[in-house]
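S.K.: First, the structure itself, so that you have it in front of you.
Just so you know, all these numbers are worked out from the coordinates, no wet-lab data involved. If you're wondering where the values come from, they're calculated on a predicted model, not measured in any experiment. Please note: Cβ atoms are built from the backbone with ideal geometry, for glycine as well, and neighbour counts cover all protein chains shown.
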């Protein structure tokens, strides 16, 4: 046999490839990406609108909120506010910061009258000249300014905590690459911790990327170590032989190194869902190792030489093992139907990893095991007598109680349908953030003390000859803004309208905030004159309108309410737009990253059905080619639909949200669950080719495949439970759901398949 003859060469080639793989597995050679926008669906009208928005105004999440909590209870005191001003000034000087806004830097516009000469001329109308005034002055006006701040609705929930215990600094930044973003965040952190002695909180893309990279590396390493520990425990229980344990473990570590090296070579992005990779590679790979080694050792125990044992192993289960890996890979490839790029990448990378692991197991495991003297393998005790006794009982139970088992499965399916009806499709960002992390604490702080940070944008485009400065357009925008202000979960808005409101407020010398409103048409002409004195690009620079004045935005933020509540807000605002916005003058479209994240959830539900249907179809074709019998095809599919139904029911009963992460459980579960079915039916077909006695074939198949199926299922169950230690709730739920789904799959294989075989194959076999 080739593997036995050239075992030294095979091991040498693997050692050389291992060096290359380890090099590309180093963190500096891996690609990290935590950009939310990667999860947006492609080729969608809403995404195209957002791209128009982004081309004009930049990304709506190019900001960083820094909240400083006062140790004095209320932050509106001179000491804290002066420190706030100092920090704001230092942060504004950082590279990539376009603008820094805080209480101490916020300015209003006042208008003063200018007269010709020293005395007013009644025949000469007074002219107004705008001046900017800080809303907070550290002089004799301090007390008056503080009182005005406390009454200013523009500030609360955005620059000032609702109970005045903290103040926020908003940094508007340029779009930055991943590494630049991390370096920028480190600079921000250094300034804040040096200047401020109270608590502080960050929220924004730069902080998410910094913390995301750190957490991803920790989670990847943690899941790898836990999976390796589980693999070692499984091999100890299974082999009870140090050499066999060592060789099997080497195989799995090499497979993991090859996979990680592949990620580095092809620059596959490492993101929050990458923590699943080690579990998939190691735990699924263990199944192949146990099936292959179990058969090889059985053949050696029967008295065959090492070469003959390898040949018999590959002839008996080699094709089945390849197909189990292929079907698992197909399950992951079904994720390619998703419009979400990270899900696609994850599916293809996992599929490639499964096939890499198969090749490593087939070649390296058998090559290494040939160095174990046959006598040592013959002395291995697998607990065959115990397993055989229990499997005999199982066989007789399925034979005697077939109707009872069938009714039990049908009744359980009815209960599962009830659980499925309770599946939650609401998306809540907070529920998906890592447990026990500072970034999660910070997110919660902003949600509780401020008006949320999820961007909420309305893209405005004038029609015909209109521009954003036309009074008719401003009136329409004012109506949209009023509708937005009725939504208590939306923060204050910012648009070109605010410039004119501020002009009106300033003309009346800030006597009452009721003056912060759209000016009358008579004053509008005056303000247009004032605006004409400003540089043409000034409005474009602050990101309110495009350079030519035809595209504008209404910018706000919304609390993390969940998809359903935000969709209700969208519906009410869309109704206002449909009823009160003249499409011949202005188009208005709700957009922004938050809106697209919610939109993405709709696509997930659609793609889940398409992808899973595709996987079932392709795997069904593989089964048809393998068994060449439509009855075998039906028998192979039915037991593997049951675990999916069970997993969906558990998701519904536990109120686990269907999101980008948890939607993957069905592809993962189906691809893995079908493996044991292939092993069982392949052995059954082999037994039927030897004898026309169905019961004898079922008996022999149950005894030979039952033990590997049970052992590998137990390993898979506990292997995916490793994810319960993940910090990200989504990863934790995936681990729990996949474990429970695969646990149900082994029951379907060992209890349901024999019954289906008796129902569908008996007449054919007895002919």
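S.K.: Can you pull the Kirkwood radius for region 267-316, inverse mean 1/r over Cα pairs, to one decimal in Å?
M.R.: 12.9
S.K.: Determine, from the Cβ-Cβ distance of residue 26 and residue 718 and an R0 of 35 Å, the FRET efficiency 1/(1 + (r/R0)^6), rounded to the nearest 0.05.
M.R.: My answer for the efficiency is 0.75.
S.K.: Hey, fewest Cβ within 10 Å first, where do 690, 507 land in order?
M.R.: Ascending number of Cβ neighbours within 10 Å: 690, 507.
S.K.: What fraction of the Cα pairs in region 707-761, stated in percent, has a spacing above 16 angstrom?
M.R.: The answer is 50 percent, as a whole percent.
S.K.: Based on the Kirkwood radius over alpha-carbon pairs, what is the Stokes-Einstein translational diffusion coefficient of region 616-657 at 10 °C with 1.306 mPa s viscosity, in µm²/s?
M.R.: So the translational diffusion coefficient is about 138 µm²/s.
S.K.: Okay, moving on. List, largest first, the extents of the alpha carbons of region 253-379 along their principal axes, each in whole Å.
M.R.: 54, 23, 20
S.K.: Does region 156-241 come out rounded, prolate or oblate by the C-alpha gyration tensor, with a ≥ b ≥ c the root eigenvalues, rounded set by a/c under 1.5 and, if not, prolate when a/b is larger than b/c and oblate if not?
M.R.: prolate
S.K.: Can you sort 487, 69, 389 by how many other beta carbons sit within 10 Å, fewest first?
M.R.: Sorted ascending by nearby Cβ count, the order is 389, 487, 69.
S.K.: While we're here: Once every Cα of region 557-716 carries one equal point scatterer and solvent is ignored, give the base-10 log of I(q)/I(0) from the Debye formula at q = 0.10, 0.17, 0.21 Å⁻¹, two decimals.
M.R.: -0.58, -1.06, -1.34
S.K.: Place a label point 7 angstrom from the Cα of residue 565 along the Cα-to-Cβ direction, then list the residues of region 155-191 whose backbone nitrogen is under 11 Å away.
M.R.: none
S.K.: What is the angle, in °, between the Cα long axis of helix 341-360 and the longest principal axis of the Cα atoms in the chain? Nearest 10 is fine, range 0 to 90.
M.R.: So the inclination is approximately 30 degrees.
S.K.: What do you get for the angle between helix 630-653 and the principal long axis of the chain? Use alpha-carbon atoms, 0 to 90 degrees, nearest ten.
M.R.: Tilt of helix 630-653: around 40 degrees.
S.K.: Could you line up 176, 731 from fewest to most neighbouring Cβ atoms inside 10 Å?
M.R.: Final ranking by Cβ density, sparse to dense: 176, 731.
S.K.: Another question about this same structure. Could you work out the Rg to Rh ratio of region 53-96, with Rh taken as the Kirkwood radius (inverse of the mean 1/r over all Cα pairs)?
M.R.: 1.15
S.K.: Moving on to the next point. Taking 41 Å as R0, compute the FRET efficiency from the Cβ-Cβ separation of residue 218 and residue 521 and round it to 0.05.
M.R.: Given R0 = 41 Å and the Cβ-Cβ separation, E is 0.10.
S.K.: Relative to 2.2 N^0.38 Å, what does the C-alpha radius of gyration of region 624-767 come to as a ratio? Two decimals please.
M.R.: Output field value: 1.16.
S.K.: Cβ neighbours within 10 Å, averaged per peptide: list 277-290, 436-449, 543-556, 193-206 in order, most packed at the top.
M.R.: 277-290, 543-556, 193-206, 436-449
S.K.: Ok, one more. Taking region 344-473 as the region of interest, what is the percent of Cα-Cα pairs per 10 angstrom bin, listed from the shortest bin to the one with the maximum distance?
M.R.: 8, 11, 13, 21, 20, 12, 7, 4, 3, 0
S.K.: OK, next. With the cut-off at 1.5 for a/c, could you classify region 400-458 from its C-alpha gyration tensor as rounded, prolate or oblate?
M.R.: prolate
S.K.: In the calculated pair distance distribution of region 195-285, what percentage of Cα-Cα distances lie above 14 Å?
M.R.: In whole percent, the long-distance tail amounts to 72.
S.K.: What is the ratio of the Cα radius of gyration of region 299-373 to 2.2 N^0.38 Å, where N is its residue count, to two decimals?
M.R.: After normalising by residue count via 2.2 N^0.38 Å, the value is 1.46.
S.K.: Using the C-alpha atoms of region 417-527, what convex hull volume per residue, in cubic angstrom, is computed?
M.R.: About 181 Å³ per residue, rounded to a whole number.
S.K.: Given a cut-off of 38 Å, what percent of all Cα-Cα pairs of the chain lie beyond it?
M.R.: Percent of Cα pairs beyond 38 Å in the chain: 50.
S.K.: Sort out for me the Cα centre separation of region 541-588 from region 652-696, rounded to whole Å.
M.R.: 48
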